[in-house]
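Questions regarding the structure given below will be posed in turn.
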Amino acid sequence: PVILEVKGLTKTFDTPQGTVTALKDISFRTHQREFVCVIGPSGCGKSTLVRTLAGLEDYSSGEVLLDGKPVHGPGPDRGMVFQGYTLFPWRTVKKNVMFGLELAGRSRTAAEEEALQWIDLVGLTKFANSYPHQLSGGMKQRVAIARALANQPRILLMDEPFGALDAQTRAKMQGYLLEIWKNIDITIVFITHDLDEAIFLADRILVLKAHPGEVQELIEVPVPQP
Ligand code: ADP
Ligand code: ADP
């Protein structure tokens, strides 16, 4: 089934220099358990696209449907991982992962129990009581993934999540993410500017191509599976 459907999505920003069109008439859909990468040059609108899907930006026109229902504003049905480690520095790994669960109304004990399962899934059980500054970059991103998955979203939105990591850690993280994706029922939309990363991870690649002053193109490229 189709999880996410984007129809004629357009997003403009009003700036002192005039109106900037970040997304122009973008349409695509993703299916259940699909891993879709969006690639494209800097400034073509990748971040704006995921931020809009996440509900962090409103859209100017078009439609974003999740399970057939229009999306406006953020919600627990979408998990988000950014490039920068957006962990709460004053909270332990466990408390970081518990945050959304408690917000969603879980009791403290239930939130703690569930958080520990997600922490285990990303292999950080030994570090549940550590603080973010005590972790390596890759480990911090694993916490961010656990936190994003904790509310069991329908879709995981990732904006260059491994962009700040060194090549070796990045390769390891790609492996971790694929393992997780194979083990849980999740659809992933993953932004990268790295074509190798996209080919390694994705079932399908969407190339966002911005022609200055012209219609933006979204080219779909299937990736043959080994
Ligand atoms: P990418 O992630 O592909 O590098 P972005 O989505 O960040 O591209 O940006 C797409 C376009 O929208 C760029 O021209 C950028 O300058 C513009 N843009 C993004 N965010 C804003 C904003 N908050 N205000 C004004 N312009 C923005
Ligand atoms: P990365 O994901 O950044 O490559 P890893 O998770 O592979 O890092 O780290 C490898 C191992 O090194 C970890 O499982 C952990 O046991 C240990 N390690 C890394 N950083 C720390 C740290 N700050 N404190 C203690 N052990 C660490």
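The values are calculated or read from the model by the stated rules, or taken from the named source; none is laboratory data. Source: prediction; values computed, not measured. Please note: Cβ atoms are built from the backbone with ideal geometry, for glycine as well, and neighbour counts cover all protein chains shown. Just the protein is used for accessible areas: all its heavy atoms, side chains included, with ligands, DNA and RNA removed. Shrake-Rupley method; radii C 1.70, N 1.55, O 1.52, S 1.80 Å.
For the condition at pLDDT 95 or above and in contact with a strand residue (DSSP E or B) (Cβ under 8 Å, 6 or more places away or on another chain), what is the one hit in ILE119, ILE155?
Details: ILE119 fails: in contact with a strand residue (DSSP E or B) (Cβ under 8 Å, 6 or more places away or on another chain).
Answer to the selection: ILE155.
Next question, about the same structure. If you scan region 146-165, which residues turn out to be at negative phi, within 16 Å of ligand 1 (Cβ to nearest atom) and part of a loop (DSSP other than H, G, I, E, B)?
Matches in region 146-165: PRO161, PHE162, GLY163, ALA164.
Related question: Report the residue count in region 32-55 for those that are loosely packed, with under 15 Cβ neighbours inside 10 Å and farther than 20 Å from ASP185 by Cβ.
Going through region 32-55 one residue at a time, the tally reaches 3.
Go through region 107-146 and report how many residues are within 8 Å of ligand 2 (Cβ to nearest atom), of a type in the set (D, E, K, R) and surrounded by fewer than 17 Cβ atoms within 10 Å (Cβ to Cβ).
Summing the residues that are within 8 Å of ligand 2 (Cβ to nearest atom), of a type in the set (D, E, K, R) and surrounded by fewer than 17 Cβ atoms within 10 Å (Cβ to Cβ) in region 107-146 gives 1.
Now for a different question. Does any residue of region 35-47 turn out to be within 12 Å of ligand 1 (Cβ to nearest atom), within 20 Å of ARG78 (Cα to Cα) and assigned to a helix (DSSP H, G or I)?
Looking for residues that are within 12 Å of ligand 1 (Cβ to nearest atom), within 20 Å of ARG78 (Cα to Cα) and assigned to a helix (DSSP H, G or I), one finds at least one in region 35-47, hence yes.
Criterion first (in a strand (DSSP E or B), surrounded by 13 or more Cβ atoms within 10 Å (Cβ to Cβ) and charged (D, E, K, R)) does ARG29 satisfy it? Steps first, please.
Details: in a strand (DSSP E or B): yes; surrounded by 13 or more Cβ atoms within 10 Å (Cβ to Cβ): yes; charged (D, E, K, R): yes.
So ARG29 fits the description; yes.
Let me ask something else. Which one is surrounded by the fewest Cβ atoms within 10 Å (Cβ to Cβ), of the residues in region 182-208 that are within 19 Å of ALA54 (Cα to Cα) and more than 16 Å from ligand 1 (Cβ to nearest atom)?
ASP185
Look through VAL93, VAL122, VAL143, VAL81 and report the one residue that is within 16 Å of ligand 1 (Cβ to nearest atom) and β-branched (Val, Ile, Thr).
Details: VAL93 fails: within 16 Å of ligand 1 (Cβ to nearest atom); VAL122 fails: within 16 Å of ligand 1 (Cβ to nearest atom); VAL143 fails: within 16 Å of ligand 1 (Cβ to nearest atom).
Unique residue meeting the criteria: VAL81.
Take the conditions of a type in the set (Val, Ile, Thr), at pLDDT below 95 and open to solvent by less than 60 Å² (accessible area, probe 1.4 Å) and apply them to THR92. Does it pass?
Considered against the rule, which asks whether it is of a type in the set (Val, Ile, Thr), at pLDDT below 95 and open to solvent by less than 60 Å² (accessible area, probe 1.4 Å), THR92 comes out as no.
Name the residues in region 133-161 that are over 20 Å from the mean Cα position of the chain (by Cα) and either of a type outside the set (Ser, Thr, Tyr) or over 21 Å from TRP90 (Cβ atoms) (or both), would you?
Filtering region 133-161 down to residues over 20 Å from the mean Cα position of the chain (by Cα) leaves 133-136.
Those that are over 20 Å from the mean Cα position of the chain (by Cα) and either of a type outside the set (Ser, Thr, Tyr) or over 21 Å from TRP90 (Cβ atoms) (or both): HIS133, GLN134, LEU135.
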